1. List the pairs whose first member sits in segment 234-257 and is over 17 Å from VAL186 (Cβ atoms), whose second member is β-branched (Val, Ile, Thr) and assigned to a helix (DSSP H, G or I), and whose Cβ atoms are under 7 Å apart, counting only residues at least 6 apart or on separate chains?
2. Return yes or no: is GLY220 touching a residue at least 60 places away in the same chain (Cβ under 8 Å), more than 12 Å from PHE304 (Cα to Cα) and either among the basic types (Lys, Arg) or not in a helix (DSSP H, G or I) (or both)?
3. Can you find a residue in segment 159-177 that is assigned to a strand (DSSP E or B) and touching a residue at least 24 places away in the same chain (Cβ under 8 Å)?
4. Could you list all residues from segment 260-277 that are in contact with a helix residue (DSSP H, G or I) (Cβ under 6 Å, 6 or more places away or on another chain) and either at negative phi or not assigned by TED's automatic domain parsing to the domain that holds LEU161 (or both)?
5. Could you please tell me which pairs satisfy a Cβ distance under 8 Å, a separation of 6+ or placement on different chains, a first residue in segment 291-303 that is more than 10 Å from CYS160 (Cα to Cα), and a second residue that is surrounded by fewer than 15 Cβ atoms within 10 Å (Cβ to Cβ) and among the hydroxyl-bearing types (Ser, Thr, Tyr)?
6. Of all residues in segment 245-259, how many are surrounded by fewer than 17 Cβ atoms within 10 Å (Cβ to Cβ) and either in a loop (DSSP other than H, G, I, E, B) or not assigned by TED's automatic domain parsing to the domain that holds ASP203 (or both)?
7. Surrounded by fewer than 18 Cβ atoms within 10 Å (Cβ to Cβ) and closer than 22 Å to PHE23 by Cα, is that true of ILE204?
Amino acid sequence: MSDNWIEIKTRGPRGKGDEATDFLIKAGSPGVLEDEIQLPKDTLKSQSFWDSRDEICEGAPSPKVSFTAYLPAGSPDRALQVRAELKRIGFSFSASAFKDRDWSVKWKSSIKPVRVKGDPYSILIKPTWSKIPKRKGELVIEIDPGMAFGTGGHATTKMCLKAMLQLLKKDKSLSAFLDVGTGTGVLAIAAKKLRMKKVVGIDIDKVALKVARKNARFNGSAITVSGSPVEKVKGSYSIVAANILAGELIKLAPAISAKVAPGGFLILSGILKMEEDRVVEGYATPAFKLIRKYSSNEWAALVFKRCR
């Protein structure tokens, strides 16, 4: 794993802070450091496990907030995309080369297990170094996030897992799963543990592919992890999940839709609520019917059924 990083510094209105950190996490930063006087300089917040109801500091907050985040040096396109998104919500942006072997150790200390309840199965996602015991009826997924996004605790991932559990409870014949933007492989591994026969995870990030393959092996999950773009993936799938940024969901709508088998389901996540209508419009065809919405804070997930 490379030690070379792009360090991103950004500053903007506190009211848009959650949105900014979510963009940074979704782009691939394992954690986001909030640079404030009230916080210790070595405090690293993993947005994937951050609960906005908790408070670290007291007193009147500044109207501005500053963050530091990190992207693998091999992902300049993502950095450009993040810059555009941050600028749109009033945040400044600067990027520079960074090399440090120790900061990821600090980040690890903030990663906590995540539970997603379902019936008859629930899912426990925990980092490989956690000793938390499983509960009755839980399927356990152990993840070493490395430098890829997808530790299971982000609202967008949890909504995908809830949708999967609900769909598979109603229809146990669903047998093929495609995960578009697999990240660390959480959704693909979950699909395999939920006894789906054919599971494929794809990602354009080489780091994510390496991490997903490692996690699949560690969990004993026989899944296919590929760097192929979605339009090159062969076959159709009874469930297709895409947990990526809304702009990419809209751009890839024809290719993603084409991979859903007749009678199958499409789970879309990574969508801010203010972008929900645009995504629905992007998938509004006679072949697809929107059957369910999930929401968590500012995030939304959509479930479509392919009618023909």
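1. So the pair list comes out as ALA246/VAL279; LEU249/VAL279; ILE250/VAL279; LEU252/VAL230; ALA255/VAL230; ILE256/VAL230.
2. No: the conditions fail for GLY220.
3. Yes.
4. Correct list: PHE265, ILE267, LEU268, SER269, ILE271, GLU275.
5. ASN297/SER52
6. Result for segment 245-259: 1.
7. When the stated conditions are applied, ILE204 passes them.
Condition check ((1) of a type in the set (D, E, K, R); (2) touching a Phe, Trp or Tyr at 6+ places or on another chain (Cβ under 7 Å); (3) closer than 15 Å to VAL230 by Cβ) across all residues:
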| site | (1), (2), (3) |
| --- | --- |
| LYS169 | yes, no, no |
| LEU187 | no, no, yes |
| LYS192 | yes, no, no |
| MET196 | no, yes, no |
| LYS210 | yes, no, no |
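The values are calculated or read from the model by the stated rules, or taken from the named source; none is laboratory data. Bear in mind that the values here come from a model prediction, so they are computed numbers and not experimental data. No Cβ is skipped: glycine too gets one built from the backbone with ideal geometry, and neighbour counts run over all protein chains shown.
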